[in-house]
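Peer 1: Before we start, here is the structure in question, set down as structure tokens.
The values are calculated or read from the model by the stated rules, or taken from the named source; none is laboratory data. In this text, all values refer to a predicted model and were calculated from it rather than measured experimentally. Please note: Cβ atoms are built from the backbone with ideal geometry, for glycine as well, and neighbour counts cover all protein chains shown.
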Amino acid sequence: MEKPLNNRAWLMVAPVLVLVLFSALLPMMTVVNYSVQDSLGQNQFFWNGDAWFRDLLNPSTEIGARFSDALLRNLSFSLVTLALEVPLGIAIALCLPRGGWAVGPLLVIIALPMLIPWNVIGTMWQIFSRADIGLFGAALTGLGLHYNATQNAISAWCTIVVIDVWHWTPLIILLTYAGLRAIPDAYYQAARIDAASRWATFINIELPKLQKVLVIAVLLRFMQTFMIYTEPFVVTGGGPGSATTFLSIDLVKIALGQVDLGPAAAMSLVYNLITLTICWIFFTIMTQLDRRRYA
Amino acid sequence: MSRITLEGIAHSYPRSATMALQPIDHVWEQGRAYALLGPSGCGKTTLLNIISGLISPSQGRVLFDGRDVTQLPTEQRNIAQVFQFPVIYDTMTVAENLAFPLKNRRMERAAIKARVAEIADLLDLTNDLPRRARALTVEAKQKVSLGRGLVRADVAAMLFDEPLTVIDPALKWHLRSKLKAVHRALDLLMIYVTHDQVEALTFADEVVVMKDGRVLQVASPAQLFERPEHTFVGYFIGSPGMNLIAAKISDHVAHVSGHDIELGARYPKIKNGEAVIGFRPDFASLVPEGGIPVQVRRVEDLGRRRLARVALGPHEIFANVPEGVSIGGGQAGLTIQQDRLFVYVNDELVLGDRR
Amino acid sequence: MAAEVLSTSSLAAVENPARSRRAFRLTNLLPRVGFAVYLLALMLPIYWLINMSLRSNEEITSSLAFWPHHPSLQKYFFIFSDPTWVHAFMVSLTYVAINTVISVTVALPAAYAFNRYHFIGDKYLFFWLLSNLMAPAAVYAMPFFNLYYAIGLFDTIWAVALAHCLFNVPVAVWILEGFVAGVPREIDEMAAIDGYSFPRFFIRIFIPLIANGVGVTAFFCFMFSWVEQLLATTLTATDALPFAAVMTRSYSVAGMDWSLLAAAGVLTMIPGALVIWFVRNHIAKGFALGRV
């Protein structure tokens with residue numbers, strides 16, 4: 001599995017590089033700039049070194065405590081939603097027909113939740129989750145559950161999880177389905193000739209061939225859940241209390257509430273770094289597994 | 001199992017007006033190696049897939065040893081198929097790949113191990129057994145694909161769909177000889193689809209030549225060479241192929257460009273005398289004197305023989321230049337072996353009266 | 001020769017009637033039921049959205065009903081008749097289309113290069129691309145504003161189309177790379193042996209083989225760009241006002257115009273639905289026998 005060393009490949013990658021760099025570099029520089037400065041107001045900044053960072057990472061400071069709480073909330077949220085969405089998405093993708101007239105309409109229906117602007121989703125679920133005027137809320141309270149999205153922390157949590165699963169499982173479904181269809185029929189035929197069970201076919205053929213597609217799906221979803229903002233903001237406002245105050249919501253609160261952007265900038269950098277690190281770890285593990293498996 | 005029978009098999013793909021396969025009857029005998037040879041689009045892959053069960057034919061029946069299997073899916077037909085691209089289980093070792101079909105059929109561990117070792121030995125894969133299948137070369141992967149088919153002792157037939165397509169040209173001979181060795185060792189019915197005549201002629205006991213969904217001739221490689229029953233067969237097989245020249249036949253003489261060629265048989269029934277005569281370069285020689293006068297355009301020395309390109313009027317002909325004969329200048333004489341000179345009407349061989 | 005091998009006719013080997021006999025076992029029933037349940041759960045909020053769009057605000061905020069008491073398309077008429085809304089809709093469609101085309105076009109060769117070749121820094125570059133998805137948009141808003149103002153592209157569709165490349169191009173590259181990986185390298189070699197020039201091979205042979213990836217990538221680029229609001233509103237003012245910005249008009253001093261927002265929400269689903277309808281055959285494309 002040797003890849004030829006070919007530095008002319010840079011030519012093929014150049015357009016991508018230019019486009020993304022153009023968008024990425026300047027803002028990043030700005031943010032870094034802000035994060036190491038303090039301000040006396042009126043746009044006058046002075047050097048603050050790593051003071052903001054030290055405050056942030058110290059759980060005993062006010063801001064540090066907020067940060068670590070929110071971080072924990074984000075991590076658990078990401079974990080729960082991924083654990084729900086990925087298996088569900090794969091399972092649904094396996095149920096979709098290979099061809100025929102039904103594929104088009106089904107793909108359209110499945111894609112619909114992702115096409116609604118996020119603020120509309122939040123707004124709609126605001127109503128939907130209320131026990132008095134919303135179907136979801138009414139149904140749950142009707143079943144005897146103590147459900148109140150704005151006042152009960154567990155309800156709020158569960159609502160955000162349900163919204164996210166409803167909203168984004170289609171991403172996993174579509175990616176998985178496309179990946180499944182890209183597997184040549186010959187593999188399925190070979191599996192049938194070898195008398196492999198459905199499960200064995202899934203484990204030995206489908207899952208290995210889906211690996212890359214699933215990696216990107218998981219990474220995308222992790223990043224999105226880790227940076228979730230709109231839905232919790234609109235539906236629960238971060239509440240009750242701070243039950244659904246995720247990092248991004250906190251970040252915006254701090255940024256808007258302060259004159260100096262230092263703490264917010266520092267927080268956003270650390271936030272970014274944490275996301276990066278987790279993704280990097282996942283990515284490296286997957287590529288190492290790949291390499292070892294096929295060596 | 002001793003034979004596969006095709007009864008009136010014909011096929012046209014859904015939403016397609018043309019027949020991909022014209023009606024065909026054929027019996028495939030156990031232990032023989034067959035090749036389905038023809039240009040792309042001739043229907044050979046379609047035919048193969050009908051036999052293997054990947055396609056249900058529009059018409060006709062497929063019988064395995066007298067049993068109608070036309071509606072049975074592939075996995076119930078006890079065949080194994082090797083495709084153009086190696087189909088292996090990426091996550092398994094070679095040994096696990098080979099063992100997989102047996103494991104799924106609940107064979108005993110010890111028996112599986114023995115059988116896997118046997119097949120690996122036959123295919124020179126013994127050293128690769130513990131390696132990940134994905135890490136092998138393409139040739140080795142094709143061997144693993146093949147091995148997975150062979151590992152089941154009850155496999156009735158092995159079907160090959162152009163299995164050497166992705167193999168490095170330098171290594172094709174190695175795999176070809178492996179296939180032949182496997183055939184001899186296991187006495188299996190093997191059906192091999194290819195568009196490469198060399199592959200077909202070296203591999204098969206019998207070759208089915210196809211074109212545009214029709215079977216043109218079924219014969220041994222030697223017979224295809226010596227007695228093509230269709231102009232396409234004559235043209236396609238051999239390098240270069242048969243010389244095919246339009247001629248006017250009157251009884252036992254062919255008139256070509258003002259010259260008369262003795263046919264060695266009588267053809268009383270040809271309408272208007274319009275026909276095509278065909279003869280292979282291997283059965284036509286140049287002589288310095290006598291014969292049919294032709295213009296010599298070019299003589300190529302191919303090592304084993306010398307091939308001359310000559311012209312008879314507007315027709316271009318290839319012929320052998322025998323040893324010791326030197327052809328100088330532009331003129332020579334063409335002699336054709338009479339019993340290898342054939343007459344074709346509407347591309348089909350017409351038998352003459354040799355009394 | 002390669003052309004014969006690489007024709008992507010989908011034989012769809014499933015022509016066997018024997019298969020349908022197995023369809024009625026219980027193990028087949030359970031997934032079907034689960035699938036139906038999922039589809040139902042998926043459609044419920046959407047039905048609710050449509051419901052909301054047909055009711056008046058008073059009705060929405062006061063009672064729970066499965067269907068509006070007085071269904072009215074008033075909000076839809078309003079949207080269609082208001083030139084600002086219509087213009088915003090077209091603006092959004094335009095920059096999203098531009099962005100999708102740019103992103104997919106640029107990502108294709110890059111994805112190929114990342115998978116087939118090894119070059120200095122390839123792994124890090126690949127990952128760095130993805131890292132651009134990790135910066136919260138709020139962080140980028142102000143700097144982008146300054147940047148695009150400075151280069152004179154502020155308030156144009158090109159500003160938004162280019163800005164969205166920040167996240168769409170990496171997504172496109174990553175998704176496509178996964179599909180490029182699924183095509184055996186032997187095909188590249190065969191095409192080279194058969195004398196194809198690289199561009200001809202790439203366009204006529206390779207891209208059809210990753211049709212599933214291209215289809216799904218195009219849809220995702222469309223979708224991510226379509227729903228992105230912060231950058232789209234930051235980088236525009238009046239000329240290139242996007243749909244997202246106009247939707248904020250549903251929030252006014254008088255309170256939230258729920259049904260207007262819901263109607264807008266329903267309408268925004270349509271372009272995306274059309275896009276996925278058009279690429280459905282690409283996404284679902286099958287390959288019969290080992291890339292033949």
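Peer 1: Run down C:181, C:135, C:163, C:150 and say which single residue is without any contact (Cβ under 8 Å) to a residue 40 or more places away in the chain, facing chain A (nearest Cβ under 7 Å) and small (Gly, Ala, Ser).
Peer 2: Result of the check over C:181, C:135, C:163, C:150: C:135.
Peer 1: Report yes if residue B:185 is over 29 Å from residue B:318 (Cα atoms) and in contact (Cβ under 8 Å) with a residue 60 or more places away in the chain, otherwise no. Outline the logic, then answer.
Peer 2: Numbers: over 29 Å from residue B:318 (Cα atoms): yes; in contact (Cβ under 8 Å) with a residue 60 or more places away in the chain: yes.
When the stated conditions are applied, residue B:185 passes them.
Peer 1: Within the set of pairs 6 or more residues apart or between chains, which connect a residue that is surrounded by 13 or more Cβ atoms within 10 Å (Cβ to Cβ) inside the range B:15-32 to a residue that is charged (D, E, K, R) and not in a strand (DSSP E or B) with Cβ atoms less than 6 Å apart?
Peer 2: B:31/B:187; B:32/B:205
Peer 1: In addition: Do you know which residues across the range C:65-120 are aliphatic (A, V, I, L, M) and surrounded by fewer than 16 Cβ atoms within 10 Å (Cβ to Cβ)? Spell out how you get there, then give the answer.
Peer 2: Narrowing the range C:65-120 to residues aliphatic (A, V, I, L, M): C:65, C:73, C:79, C:86, C:88, C:90-91, C:93, C:96-98, C:101-102, C:104, C:106-108, C:110-111, C:113, C:120.
Of everything in the range C:65-120, those that are aliphatic (A, V, I, L, M) and surrounded by fewer than 16 Cβ atoms within 10 Å (Cβ to Cβ) turn out to be C:65, C:73, C:86, C:90, C:101, C:120.
Peer 1: Out of everything in the range B:284-302 that is surrounded by 19 or more Cβ atoms within 10 Å (Cβ to Cβ) and not β-branched (Val, Ile, Thr), what residue ends up being nearest to residue B:250 (Cα to Cα)? Lay out the reasoning, then the answer.
Peer 2: Of the range B:284-302, the ones surrounded by 19 or more Cβ atoms within 10 Å (Cβ to Cβ) are B:284-286, B:292, B:294, B:296.
Narrowing the set further to residues that are not β-branched (Val, Ile, Thr) leaves B:284-286.
Working: B:284: 22, B:285: 24, B:286: 25 Å.
Only one residue tops the list, namely B:284.
Peer 1: Could you look through the range B:158-192, keep only residues that are at pLDDT below 85 and charged (D, E, K, R), and pick out the one that is surrounded by the fewest Cβ atoms within 10 Å (Cβ to Cβ)?
Peer 2: Residue satisfying both the conditions and the ranking: B:187.
Peer 1: Give the residues of the range C:86-95 that are under 11 Å from residue C:242 (Cβ atoms) and out of contact with any Pro (no Cβ under 8 Å at 6 or more places or on another chain), sorted by residue number.
Peer 2: Hits for the range C:86-95 are C:87, C:89, C:90, C:94.
Peer 1: Mind checking which residues of the range C:157-188 are in a loop (DSSP other than H, G, I, E, B) and either within 30 Å of residue B:165 (Cβ to Cβ) or more than 14 Å from the chain's Cα centre (by Cα) (or both)? Walk me through how you get there before you give the answer.
Peer 2: Applying the first criterion (in a loop (DSSP other than H, G, I, E, B)) to the range C:157-188 yields C:164, C:182-184.
Hits for the range C:157-188 are C:182, C:183, C:184.
Peer 1: If a residue must be out of contact with any Ser or Thr (no Cβ under 8 Å at 6 or more places or on another chain), in contact (Cβ under 8 Å) with a residue 24 or more places away in the chain, assigned to a helix (DSSP H, G or I) and at the interface with another protein chain (Cβ under 10 Å from one of its Cβ atoms), how many such residues does the range C:228-253 contain?
Peer 2: 2
Peer 1: For the range B:134-248, list the strands (runs of 3 or more DSSP E) that sit wholly inside it and hold at least 1 residues that are within 14 Å of chain C (Cβ to nearest Cβ), closer than 18 Å to residue B:31 by Cα and not hydroxyl-bearing (Ser, Thr, Tyr); which are they? Quick ask: steps written out before the conclusion?
Peer 2: Values: elements: B:157-161, B:189-194, B:206-211, B:214-219.
Passing ranges, in order: B:157-161, B:189-194.
Peer 1: Okay, moving on. May I ask you to verify whether residue A:230 is touching a residue at least 12 places away in the same chain (Cβ under 8 Å), under 13 Å from the mean Cα position of the chain (by Cα) and more than 30 Å from residue A:50 (Cβ to Cβ)? Can you show your working first?
Peer 2: Working: touching a residue at least 12 places away in the same chain (Cβ under 8 Å): yes; under 13 Å from the mean Cα position of the chain (by Cα): yes; more than 30 Å from residue A:50 (Cβ to Cβ): yes.
In short, yes.
Peer 1: Continuing with this model, one more query. From B:39, B:57, grab the single residue that is within 12 Å of another protein chain (Cβ to nearest Cβ), under 17 Å from the mean Cα position of the chain (by Cα) and within 23 Å of residue B:213 (Cα to Cα).
Peer 2: Answer to the check: B:39.
Peer 1: Tell me whether the range B:64-79 contains one or more residues that are surrounded by 20 or more Cβ atoms within 10 Å (Cβ to Cβ), touching a residue at least 40 places away in the same chain (Cβ under 8 Å), within 15 Å of residue B:156 (Cα to Cα) and of a type in the set (A, V, I, L, M).
Peer 2: Within the range B:64-79 (the criterion being surrounded by 20 or more Cβ atoms within 10 Å (Cβ to Cβ), touching a residue at least 40 places away in the same chain (Cβ under 8 Å), within 15 Å of residue B:156 (Cα to Cα) and of a type in the set (A, V, I, L, M)), the answer is yes, since at least one residue qualifies.
Peer 1: Any idea which of (1) surrounded by fewer than 21 Cβ atoms within 10 Å (Cβ to Cβ); (2) facing chain C (nearest Cβ under 7 Å); (3) touching a Phe, Trp or Tyr at 6+ places or on another chain (Cβ under 9 Å) is the one residue A:80 doesn't satisfy?
Peer 2: (2)
Peer 1: Tell me which residues, restricted to the range C:40-89, are hydrophobic (A, V, I, L, M, F, W, C) and assigned to a loop (DSSP other than H, G, I, E, B). Give the steps one after another, and end with the answer.
Peer 2: First pass over the range C:40-89, keeping only residues hydrophobic (A, V, I, L, M, F, W, C): C:40-44, C:46, C:48-50, C:52, C:54, C:60, C:64-67, C:73, C:77-80, C:85-86, C:88-89.
Hits for the range C:40-89 are C:64, C:65, C:66, C:67, C:73.
For (1) over 26 Å from residue A:219 (Cβ atoms); (2) more than 17 Å from the chain's Cα centre (by Cα); (3) touching a residue at least 60 places away in the same chain (Cβ under 8 Å), each residue gets a yes or a no:
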site: A:87; (1), (2), (3): no, no, no
site: A:92; (1), (2), (3): no, yes, yes
site: A:95; (1), (2), (3): no, yes, no
site: A:118; (1), (2), (3): no, no, yes
site: A:139; (1), (2), (3): yes, yes, no
site: A:147; (1), (2), (3): yes, yes, no
site: A:160; (1), (2), (3): no, no, yes
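Peer 1: Out of the residues in the range A:191-214 that are modelled with pLDDT of 90 or more and away from chain C (no Cβ under 13 Å), which is surrounded by the most Cβ atoms within 10 Å (Cβ to Cβ)?
Peer 2: A:204
Peer 1: Same structure, new question: Looking only at residues in the range A:194-205 that are outside any helix (DSSP H, G or I) and closer than 13 Å to residue B:89 by Cβ, which one is nearest to the chain's Cα centre (by Cα)? Even if it seems obvious, please write down each step before you answer.
Peer 2: Narrowing the range A:194-205 to residues outside any helix (DSSP H, G or I): A:194-197.
Okay, now just the ones that are also closer than 13 Å to residue B:89 by Cβ, so A:194, A:196.
Numbers: A:194: 39, A:196: 35 Å.
Selected residue: A:196.
Peer 1: To continue, here is another question. Condition check: among the polar types (S, T, N, Q), under 25 Å from residue A:178 (Cα atoms) and surrounded by fewer than 21 Cβ atoms within 10 Å (Cβ to Cβ). Does residue C:62 satisfy that?
Peer 2: no
Peer 1: Report, by residue number, each residue of the range C:106-156 that is in a helix (DSSP H, G or I), of a type in the set (Phe, Trp, Tyr) and closer than 21 Å to residue C:175 by Cβ. Please lay out each step first, then the result.
Peer 2: Here is the first cut: in the range C:106-156, the ones in a helix (DSSP H, G or I) are C:106-116, C:122-131, C:137-150.
Applying the additional criterion that residues be of a type in the set (Phe, Trp, Tyr) yields C:112, C:114, C:124, C:126-128, C:140, C:144-145, C:148-149.
Passing the criteria: C:112, C:114, C:124, C:126, C:127, C:128.
Peer 1: Tell me which residues, restricted to the range B:63-110, are within 28 Å of residue C:187 (Cα to Cα) and of a type in the set (A, V, I, L, M).
Peer 2: Answer for the range B:63-110, where residues must be within 28 Å of residue C:187 (Cα to Cα) and of a type in the set (A, V, I, L, M): B:79, B:80, B:82, B:87, B:88, B:92, B:94, B:95, B:98.
Peer 1: With respect to residue A:156, is the statement that it is over 22 Å from residue C:68 (Cβ atoms) and modelled with pLDDT of 90 or more true?
Peer 2: Numbers: over 22 Å from residue C:68 (Cβ atoms): yes; modelled with pLDDT of 90 or more: no.
Answer is no for this residue.
Peer 1: Another question about this same structure. Within the range B:303-340, which residues are farther than 20 Å from residue B:253 by Cβ, outside any loop (DSSP other than H, G, I, E, B) and β-branched (Val, Ile, Thr)?
Peer 2: Passing the criteria: B:310, B:321.
Peer 1: Do we find that residue C:223 is part of a helix (DSSP H, G or I) and facing chain A (nearest Cβ under 9 Å) in this structure? Reasoning before the result, please.
Peer 2: Values: part of a helix (DSSP H, G or I): yes; facing chain A (nearest Cβ under 9 Å): yes.
For residue C:223, the condition - part of a helix (DSSP H, G or I) and facing chain A (nearest Cβ under 9 Å) - is met.
Peer 1: Sort out which residues of the range C:209-242 are modelled with pLDDT under 85 and either basic (Lys, Arg) or buried (at least 24 other Cβ atoms within 10 Å of the Cβ) (or both), and write them in order of number.
Peer 2: C:240, the sole residue that qualifies.
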